[in-house]
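Visitor: Pasting a structure below so you can have a look.
The values are calculated or read from the model by the stated rules, or taken from the named source; none is laboratory data. Please read these numbers as outputs of a predicted model, since none were measured by experiment. Every residue, glycine as well, gets a Cβ built from its backbone with ideal geometry; the counts of neighbours run over all protein chains shown. Just so you know, the surface numbers come from the protein's heavy atoms only, side chains and all, with ligands and any DNA or RNA stripped out. Shrake-Rupley method; radii C 1.70, N 1.55, O 1.52, S 1.80 Å.
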Amino acid sequence: MHAPFALTPVPFPRQAFERALDAAEPFNSMIDMVSQDAGYLTEVLENAAQEDAAFTVRRFLFKV
Amino acid sequence: MRIYKDTRQQKQPQEEISLVITRSDYMLHDPTSTMLQVELNTIASSFGCLSTLVSQLHRYILDKSGVPESDLDKKLPQNTSMDSIVQGLASAVQEHGHQDKTMMMVVQPDEQNSFDQQWLQLQLWTTYRIRTIRRTLLDIAERAVLQEDGSLMIDGTTVSLAYFRAGYTPTDYPSRKEWDARTIIEMSNAAKCPTIAMQLAGSKKVQQDLARPGVVEKFSRSNSDAARMRTCFAGLWGLDDLENDTEASNAVQDAIKNPDLYVLKPQREGGGNNLYGQDMVDRLQQKQGLGALILMQRIIPPPHTVTMIRRGVAEDIESLSELGIYGVLLRKGSNVLLNHRAGQLVRTKASTSSEGGVAAGYAVLDSVQLVD
């Protein structure tokens, strides 16, 4: 069974597309710096934990 | 989070190799013709290989249907996602340097989308002579061993890179064993794609926090980088301090006047449903308890009719499309060795469907045609 696909490509405005391409390195760099900042990650994710803290912080690992 | 904190204390002193294959997903906001970010993925960003193949397929179809080559060159951008992602994986293996030259792909036990993964394995072998072994978290829990020098061995092989195509959803961790597997990988000197820290950095809560004033700026290389990223953000307003937060209260007023341009979401996962239109207006006018909600700009993509081929059947369906831009970043210790974009992916789904996943059968793979 083949992967589902569209028959022809979707139109996107050139300028908008190129801006998205140009944003890749800045986003990579940003997420890398965030991952290096243990204090920030702990603060954002632990402060958000309420009630059953262990369960709640574990959920933050996931994209649900 | 517990693993993150435990392993940070115990990790090997030699330089950690961290690889991330990101995919930043956008939708075109029709009223302003700008790409607005839907989310930034830092784990198991898939379809990189099938995306390259679909781009090639579309070029072939247009070519056969008579579109002149010069038009094709102008309209169809290159899509290097397969090669770029493979190169990223190979670089991480090479940085690790073990003679076994093996990448361990961490997979789900009943993986349905293995063809996209198999292309990676094939390219890694033919271009770089890198072997791939596929193991589930349970396999790793039961058979992986951490050596004295910090290397990770499983079934007689030393692992240079652990590449996660599993581990991003709670169902991947049904027991304590799977968590132990994740821990042993994290503690080893194998390169990880991604590390736990990188996976946490991609979580929804962090992404919401990054959008707050000053936070993106704190984590940017430059002001121009920060500004570039901010132009991609859809408006996002916390509603817990409306008396003092003029921007948020202006947004609320605008949402009441123009409800189609906004959506009201619960602050926490599982905190309820999104509210649109009149339901949203009614809730905003109630005023109490708004701190549990966030107001977001609604991205309004242009709908278009697409011929979708699914299970061998063609159907014309009104759809909207999401553009993903892949990126590769490789870090060793305190040095960033690679940082570049790595191709693109388009997923097109029926306008009426609420699920966006291609693997779940609701969306199709697509590619980009540029319009000037």
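Visitor: Taking the stated definitions as given, is B:LEU138 closer than 15 Å to B:VAL106 by Cα, among the hydrophobic types (A, V, I, L, M, F, W, C) and in contact with a Pro (Cβ under 8 Å, 6 or more places away or on another chain)? Give the steps one after another, and end with the answer.
Guide: Values: closer than 15 Å to B:VAL106 by Cα: yes; among the hydrophobic types (A, V, I, L, M, F, W, C): yes; in contact with a Pro (Cβ under 8 Å, 6 or more places away or on another chain): yes.
So B:LEU138 fits the description; yes.
Visitor: Quick check on B:GLU15: is it touching a residue at least 60 places away in the same chain (Cβ under 8 Å), surrounded by fewer than 19 Cβ atoms within 10 Å (Cβ to Cβ), farther than 19 Å from A:PHE17 by Cβ and not aliphatic (A, V, I, L, M)? Even if it seems obvious, please write down each step before you answer.
Guide: Numbers: touching a residue at least 60 places away in the same chain (Cβ under 8 Å): yes; surrounded by fewer than 19 Cβ atoms within 10 Å (Cβ to Cβ): yes; farther than 19 Å from A:PHE17 by Cβ: yes; not aliphatic (A, V, I, L, M): yes.
The answer is yes for B:GLU15.
Visitor: Now, a different point. Please pick out the residue among B:GLN117, B:GLN108, B:GLN112 that is at pLDDT below 95, in contact with a Lys or Arg (Cβ under 7 Å, 6 or more places away or on another chain) and over 26 Å from B:GLU15 (Cβ atoms).
Guide: On the way: B:GLN108 fails: in contact with a Lys or Arg (Cβ under 7 Å, 6 or more places away or on another chain); B:GLN112 fails: in contact with a Lys or Arg (Cβ under 7 Å, 6 or more places away or on another chain).
Checking each option against the conditions leaves just B:GLN117.
Visitor: Among the numbered conditions (1) at negative phi; (2) modelled with pLDDT of 90 or more; (3) more than 7 Å from chain A (Cβ to nearest Cβ), tell me where B:ALA350 comes up short.
Guide: Result: B:ALA350 passes all but (2).
Visitor: On to the next question. Residues to consider are B:VAL336, B:VAL346, B:VAL281, B:VAL313; find the one that is surrounded by 23 or more Cβ atoms within 10 Å (Cβ to Cβ) and not hydroxyl-bearing (Ser, Thr, Tyr). Show your work before the answer.
Guide: Values: B:VAL336 fails: surrounded by 23 or more Cβ atoms within 10 Å (Cβ to Cβ); B:VAL281 fails: surrounded by 23 or more Cβ atoms within 10 Å (Cβ to Cβ); B:VAL313 fails: surrounded by 23 or more Cβ atoms within 10 Å (Cβ to Cβ).
Just a single option satisfies the conditions, and that option is B:VAL346.
Visitor: Looking at region B:154-171 only, could you name the residues that are over 19 Å from the mean Cα position of the chain (by Cα) and surrounded by fewer than 17 Cβ atoms within 10 Å (Cβ to Cβ)?
Guide: Correct list: B:ASP155, B:GLY156, B:THR157.
Visitor: Further question on the same structure: In region B:48-66, what count of residues is obtained for those that are part of a loop (DSSP other than H, G, I, E, B) and either more than 11 Å from chain A (Cβ to nearest Cβ) or buried (at least 23 other Cβ atoms within 10 Å of the Cβ) (or both)?
Guide: Filtering region B:48-66 for residues part of a loop (DSSP other than H, G, I, E, B) gives B:65-66.
Going one step further and asking which of them are either more than 11 Å from chain A (Cβ to nearest Cβ) or buried (at least 23 other Cβ atoms within 10 Å of the Cβ) (or both), we end up with B:66.
Selection size over region B:48-66: 1.
Visitor: Could you please give the count of residues in region B:216-244 that are under 17 Å from A:PRO26 (Cα atoms), open to solvent by less than 30 Å² (accessible area, probe 1.4 Å) and touching a helix residue (DSSP H, G or I) at 6+ places or on another chain (Cβ under 6 Å)?
Guide: Final tally of qualifying residues: 6.
Visitor: Okay, moving on. Within the group B:ALA248, B:ALA181, B:ALA191, which residue is touching a residue at least 24 places away in the same chain (Cβ under 8 Å), more than 30 Å from B:VAL159 (Cβ to Cβ), more than 9 Å from chain A (Cβ to nearest Cβ) and open to solvent by less than 10 Å² (accessible area, probe 1.4 Å)? Give the steps one after another, and end with the answer.
Guide: Details: B:ALA181 fails: more than 30 Å from B:VAL159 (Cβ to Cβ); B:ALA191 fails: more than 30 Å from B:VAL159 (Cβ to Cβ).
None of the other options fit; the residue is B:ALA248.
Visitor: Can you find a residue in region B:205-222 that is in contact with a Leu (Cβ under 9 Å, 6 or more places away or on another chain) and under 30 Å from B:THR102 (Cβ atoms)?
Guide: No, region B:205-222 contains no residue that is in contact with a Leu (Cβ under 9 Å, 6 or more places away or on another chain) and under 30 Å from B:THR102 (Cβ atoms).
Visitor: Taking the residues in region A:25-46 that are part of a helix (DSSP H, G or I) and acidic (Asp, Glu) as candidates, determine which candidate is least open to solvent (accessible area, probe 1.4 Å). Give the steps one after another, and end with the answer.
Guide: Initial filter on region A:25-46 (part of a helix (DSSP H, G or I)): A:25-36, A:38-46.
Among the residues that remain, those that are also acidic (Asp, Glu) are: A:25, A:32, A:43, A:46.
Numbers: A:GLU25: 77, A:ASP32: 5, A:GLU43: 109, A:GLU46: 71 Å².
Taking the candidates together, the pick is A:ASP32.
Visitor: Then there's this: Sort out which residues of region B:68-79 are surrounded by fewer than 18 Cβ atoms within 10 Å (Cβ to Cβ) and either assigned to a loop (DSSP other than H, G, I, E, B) or within 17 Å of the chain's Cα centre (by Cα) (or both), and write them in order of number. Reasoning before the result, please.
Guide: Here is the first cut: in region B:68-79, the ones surrounded by fewer than 18 Cβ atoms within 10 Å (Cβ to Cβ) are B:68-74, B:78.
If the condition is that a residue be surrounded by fewer than 18 Cβ atoms within 10 Å (Cβ to Cβ) and either assigned to a loop (DSSP other than H, G, I, E, B) or within 17 Å of the chain's Cα centre (by Cα) (or both), then B:PRO68, B:GLN78 are the ones that fit.
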